[in-house]
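Peer 1: I'd like to ask some things about the structure below.
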Amino acid sequence: MTQARIKHVADVATNMPFADFWLQRRGSDQTVGRVERDTFNVVAGRIEDIGIRVIRTDIVDARYLSYWFENLWNQGYWRSHNHGTLRLRHITVSDVKNLKI
């Protein structure tokens, strides 16, 4: 049996105003992948961030998943799994969708 991935339990996309939470898509090694739980705000850059909305609430709770992503960020997961060659780094929607949970 294959292991479940984020794409099996949540919608993942940019420019998602009704997401449960967002991941910072662009930034430095220290900021990329940081979880934001505030309201959608175009001025603050949410339009560029990766929104995650849980669709399978029978499998995972949105709040729990946001803390799971926050733990990934705290452990430095995105520092070694981001893209870019300069100081500006980024993660992609497919990077998030294909994470095993």
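Peer 1: Whether any residue in the range 27-44 is at positive phi and not in a loop (DSSP other than H, G, I, E, B) is what I want to check. Steps first, answer last, please.
Peer 2: Keep residues of the range 27-44 that are at positive phi, which gives 27, 33.
Checking the rest, the ones that are also not in a loop (DSSP other than H, G, I, E, B) come to 27.
Yes, the conditions are met somewhere in the range 27-44.
Peer 1: Which numbered condition trips up H8, out of (1) under 12 Å from the mean Cα position of the chain (by Cα); (2) surrounded by 13 or more Cβ atoms within 10 Å (Cβ to Cβ); (3) at pLDDT 95 or above?
Peer 2: Status for H8: all satisfied but (1).
Peer 1: Within the range 42-54, take every residue that is in contact (Cβ under 8 Å) with a residue 24 or more places away in the chain and not charged (D, E, K, R) and give me the one that is farthest from L23 (Cα to Cα). First the steps, then the outcome.
Peer 2: Going residue by residue through the range 42-54, those that are in contact (Cβ under 8 Å) with a residue 24 or more places away in the chain are 46-54.
With not charged (D, E, K, R) added as a condition, the list becomes 47, 50-52, 54.
Numbers: I47: 11, I50: 5, G51: 7, I52: 8, V54: 14 Å.
Result: V54.
Peer 1: Taking interchain pairs and intrachain pairs at least six residues apart, which have beta carbon atoms under 7 angstrom, with the first residue in the range 55-71 and within 13 Å of I101 (Cα to Cα) and the second surrounded by fewer than 15 Cβ atoms within 10 Å (Cβ to Cβ) and basic (K, R)?
Peer 2: Between residues of the range 55-71 that are within 13 Å of I101 (Cα to Cα) and residues that are surrounded by fewer than 15 Cβ atoms within 10 Å (Cβ to Cβ) and basic (K, R), the close pairs are S66/R37.
Peer 1: Hey, I55 hits all of (1) among the aliphatic types (A, V, I, L, M); (2) open to solvent by 80 Å² or more (accessible area, probe 1.4 Å); (3) modelled with pLDDT under 95 but one; which does it fall short on?
Peer 2: For I55, the exception is condition (3).
Peer 1: Identify all residues within the range 68-100 that are under 18 Å from A4 (Cβ atoms) and loosely packed, with under 14 Cβ neighbours inside 10 Å; write none if there are none. Working first, answer last.
Peer 2: Here is the first cut: in the range 68-100, the residues under 18 Å from A4 (Cβ atoms) are 68-69, 71-72, 77, 93-100.
Once the filter is applied, which keeps residues that are under 18 Å from A4 (Cβ atoms) and loosely packed, with under 14 Cβ neighbours inside 10 Å, the range 68-100 yields N71, S94, N98, K100.
Peer 1: Quick check on this structure: which one of F18, F40 is touching a Pro at 6+ places or on another chain (Cβ under 7 Å) and either of a type in the set (D, E) or open to solvent by 30 Å² or more (accessible area, probe 1.4 Å) (or both)? Lay out the reasoning, then the answer.
Peer 2: Details: F18 fails: touching a Pro at 6+ places or on another chain (Cβ under 7 Å).
It is F40.
The values are calculated or read from the model by the stated rules, or taken from the named source; none is laboratory data. Quick caveat: nothing in here was measured; it's all calculated off a predicted structure. Positions of Cβ are backbone-derived with ideal geometry, glycine not excepted, and every protein chain shown enters the neighbour counts. Just so you know, the surface numbers come from the protein's heavy atoms only, side chains and all, with ligands and any DNA or RNA stripped out. Shrake-Rupley method; radii C 1.70, N 1.55, O 1.52, S 1.80 Å.
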